[in-house]
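Beneath this line is the structure, given in structure tokens, with notes to follow.
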Amino acid sequence: MLRLSQNFGVCDANYLAQREALSRPQCIVFYIGKANCPDRITMRLSDAFEKIEGYEEVNLELIVEFRNINKGHNEELVKKCKLLDGYVKFVGIVKDRNWIMSLFGQVESMDELRHIIETTPIPTGNSGIDN
């Protein structure tokens with residue numbers, strides 16, 4: 001592979017001397033689903049690679065930090081980001097009103113749906129918000 005790269009001028013001394021340093025990327029997944037998950041999980045792409053005898057080295061790796069942001073999980077992290085905090089509260093409201101989803105098949109217009117949403121009290125529970 002190095003020989004091929006040299007033929008295209010990619011691995012020459014000028015390239016290596018002028019290479020810019022890149023900031024470290026991070027991949028974080030925020031989870032807000034129904035399953036009971038731990039606060040934090042570190043996942044590696046290489047764990048999913050097929051195991052082939054004689055090939056132990058992995059040339060590509062992606063590490064994903066998985067963070068559970070459901071109510072009661074990673075609350076300090078959520079509170080540090082206003083946008084994330086608002087999203088978690090919004091999802092809590094949707095979870096509290098999940099029964100309204102059954103109305104979608106019966107609602108004739110967006111105005112009717114808006115009226116139902118605006119006139120229905122929000123039950124307290126997942127959202128932590130009172131009406």
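The values are calculated or read from the model by the stated rules, or taken from the named source; none is laboratory data. Please read all numbers here as calculations on a predicted model, not as lab measurements. Cβ sites come from the backbone with ideal geometry, for glycine too, and all protein chains shown count toward neighbours.
Values as computed for the structure displayed
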quantity: Matching residues, region 50-90, being under 14 Å from the mean Cα position of the chain (by Cα), over 24 Å from Pro25 (Cα atoms) and assigned to a helix (DSSP H, G or I); calculated: Val88
quantity: Sole exception among (1) surrounded by 10 or more Cβ atoms within 10 Å (Cβ to Cβ); (2) closer than 24 Å to Ile117 by Cβ; (3) of a type outside the set (D, E, K, R); (4) at pLDDT 80 or above for Ile100, by number; calculated: (4)
quantity: Condition met for Asn59 (among the polar types (S, T, N, Q) and either at pLDDT 90 or above or touching a Ser or Thr at 6+ places or on another chain (Cβ under 9 Å) (or both)); calculated: no
quantity: Region 37-49 - residue that is part of a strand (DSSP E or B) and charged (D, E, K, R) and, of those, nearest to Leu84 (Cα to Cα); calculated: Arg40
quantity: Region 110-131 residues that are in the same structural domain as Asp96 (by TED's automatic domain parsing) and at pLDDT 55 or above, paired with ones that are exposed (fewer than 12 other Cβ atoms within 10 Å of the Cβ) and part of a loop (DSSP other than H, G, I, E, B) (beta carbon under 8 Å, 6 or more apart); calculated: Leu113/Phe104; Pro121/Asn131; Ile122/Asp130; Ile122/Asn131
quantity: Within region 27-55, tally of residues that are surrounded by fewer than 10 Cβ atoms within 10 Å (Cβ to Cβ) and hydroxyl-bearing (Ser, Thr, Tyr); calculated: 1
quantity: Selection from region 19-54 of residues that are without any contact (Cβ under 8 Å) to a residue 24 or more places away in the chain and hydroxyl-bearing (Ser, Thr, Tyr); calculated: Ser23, Ser46
quantity: Residues of region 18-36 classified as within 24 Å of Glu61 (Cα to Cα) and in a loop (DSSP other than H, G, I, E, B), total; calculated: 8
